[in-house]
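Encoded as structure tokens, the structure appears first; notes follow it.
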Ligand code: ADP
């Protein structure tokens, strides 16, 4: 996987992780609550187990006690049976036996005396017993409701025979009430049950509920067999609800409250985190946009604090000066891209900028790239402000203008060369004109001088001084003629260096050179050329000069025109020539012909030299071409001038034109 993809995947994982981070406190809280609940349950289980153990011990103790009690009752009944036989107690005396009344005062409900055939001899119950014989504080067993049970004792007779039996009916309930100690009764509900789980006797009238507490925990109970002494009976202990102080119920409430609070807090946290994530995502997008924009900019950016320390540079700036961004950030003056021989001057400029006096329209500077080449830049300084609007330094926007400067330099050189050529051509033309104009008077002076000398000779005038003077006059005139001739030869325009060249390119170059002037005067120019490969035999530099001259004249003529237009048309004229028309929609020629316009020193402009068209004509004629001017064709504009020049076609083009013309004629 490429590095960028890995970084993206990692940041995606981080994002997903961060998106669910809000759930972590909730999760931890749930774990905490679960741990507390588990701990409580364990404590509760241990507690129940302990209670159960205690209960088993208590049940065994109680069982022993109850058995002891019943054993005691059985012994008492047997005691009564023995005393009946020993004391020969009659049926009438039976109700007054003290042990019987004592038994009735405890748990007995009635005592029945049966003979050996189970016929009732006497019967006494707690209801029929002598109340004075009963213990006054004791609740009689009769008053206790519930199922009864029996104790049987045999009455011994003579010769070891059984003369009858005593049956004591007793109340197990009373037994329980008497037998269960108070501290046990407070802890447990005790009952005796039969095999069908029906209550035979209970320590309390109303049984407790099967469960206790709001959570419905089952009550602990423990049963053990009580057979014998009572058939199929079990002794069962069930715990009473222990006293639970109010704060024992707090943990669940607190847990519930805690969970509710955690839930609310988690929800708020989630909202908060979602907001933060949204803000972060927006910030990331913005940062990505910003850095993409900054990096794709052609403008270099550099931020500096008030001490001149670079605090930020964009990629364009780093590439401009050839230093890595990381290395640039933190740098202080003098910067490595300053020109070493201009440190002093650059430092002055830097101090001026730091003082806030940098020109608003920007300033030009020259820096040195790390690889050693120089670059020209345009710098615009603006205040650097932080989020609170406080200025913390300066932000510089830097535009590299090296190319522009080079082009300007090239243009300037080209314009200079052109002007130089034009000047030379003009001087040549002037010299030629002067030589031409002066030659005749000088020749006349020389001829007249020769005539005068001959006349004087003929008339016999022999004055040596006159002859000498006239001789000198002739010599001076000849000398003047030679000087003029030499000047003419020296300044004469250069002869055209003719070569085969693409005229389209020559015209395009001329327009390009004059483009700035055209733009300055808001003149629209159109070039019409059907065949761009047409070649002529000409000096491209001189033809360029002619075209520029015609364009300049047309631009001058358009000064007072609103919708300024120039059209340059190149077309083939006949078999041998190419024609270029330069047409404008200016005021036109006002009836002036080419002869007048091309007269040396003829100009209607206040600062005109009047040599331009003369030179043009000379150049074109030197190329064996023709130069002409006329009013504009009416299909182009209402008024205007059209200057035309023709040039001989190059050999190859001429042959091609001939073939085309023949083909055309053949077709017709
Ligand atoms: P200069 O430009 O110095 O005046 P030129 O020889 O180039 O000299 O032009 C001579 C005169 O021809 C100009 O002064 C002007 O009156 C006239 N002329 C040249 N071109 C045009 C034109 N396109 N439209 C009208 N008049 C023109």
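The values are calculated or read from the model by the stated rules, or taken from the named source; none is laboratory data. These figures come from a predicted structure and were not determined experimentally. So basically every Cβ, Gly included, is an ideal-geometry build from the backbone, and we count neighbours across all protein chains shown.
Tabulated data
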| item | result |
| --- | --- |
| Among the candidates 562, 579, residue that is part of a loop (DSSP other than H, G, I, E, B) and more than 9 Å from the ligand (Cβ to nearest atom) | 562 |
| Cβ-Cβ under 6 Å pairs, at least 6 apart or on other chains, region 227-247 side over 30 Å from residue 150 (Cβ atoms), far side part of a strand (DSSP E or B) and modelled with pLDDT under 80 | 241/212 |
| Residue 568 vs. criteria modelled with pLDDT of 90 or more and either near the ligand (Cβ under 10 Å from one of its atoms) or over 30 Å from residue 659 (Cβ atoms) (or both) | no |
| Residue match in region 352-364 (condition: surrounded by 11 or more Cβ atoms within 10 Å (Cβ to Cβ), touching a residue at least 60 places away in the same chain (Cβ under 8 Å) and closer than 17 Å to residue 300 by Cα) | no |
| 3 or more residues touching a helix residue (DSSP H, G or I) at 6+ places or on another chain (Cβ under 8 Å) and surrounded by 11 or more Cβ atoms within 10 Å (Cβ to Cβ): qualifying helices (runs of 4 or more DSSP H) within region 248-336 | 250-296, 315-321 |
| Region 549-569, subset in contact (Cβ under 8 Å) with a residue 60 or more places away in the chain and surrounded by fewer than 21 Cβ atoms within 10 Å (Cβ to Cβ), residue nearest to residue 418 (Cα to Cα) | 552 |
| Filter result for residue 613 (within 11 Å of the ligand (Cβ to nearest atom), within 24 Å of residue 501 (Cα to Cα) and in contact with a strand residue (DSSP E or B) (Cβ under 9 Å, 6 or more places away or on another chain)) | yes |
| Per-region count, region 503-556, residues in a loop (DSSP other than H, G, I, E, B), under 24 Å from residue 586 (Cβ atoms) and more than 15 Å from the ligand (Cβ to nearest atom) | 1 |
| Members of region 616-653 that are part of a helix (DSSP H, G or I) and either in contact with a strand residue (DSSP E or B) (Cβ under 8 Å, 6 or more places away or on another chain) or near the ligand (Cβ under 8 Å from one of its atoms) (or both) | 616, 617, 620, 621, 651, 652, 653 |
| Scope region 181-191; condition in contact (Cβ under 8 Å) with a residue 40 or more places away in the chain and either surrounded by fewer than 20 Cβ atoms within 10 Å (Cβ to Cβ) or assigned to a helix (DSSP H, G or I) (or both); matching residues | 181, 184, 186, 187, 189 |
| Residues of region 594-615 that turn out to be crowded, with 16+ Cβ neighbours inside 10 Å and either modelled with pLDDT of 95 or more or in a helix (DSSP H, G or I) (or both), as a count | 6 |
| First in region 602-613 and under 11 Å from residue 426 (Cα atoms), second anywhere and part of a loop (DSSP other than H, G, I, E, B), Cβ under 7 Å, 6 or more apart | 609/603; 610/600; 610/601; 610/602; 610/603; 611/600; 611/601; 613/598 |
| Some residue of region 484-500 being more than 22 Å from residue 411 (Cα to Cα), touching a helix residue (DSSP H, G or I) at 6+ places or on another chain (Cβ under 6 Å), part of a loop (DSSP other than H, G, I, E, B) and within 16 Å of the ligand (Cβ to nearest atom) | yes |
| Single unsatisfied condition, residue 590 versus (1) within 8 Å of the ligand (Cβ to nearest atom); (2) crowded, with 22+ Cβ neighbours inside 10 Å | (2) |
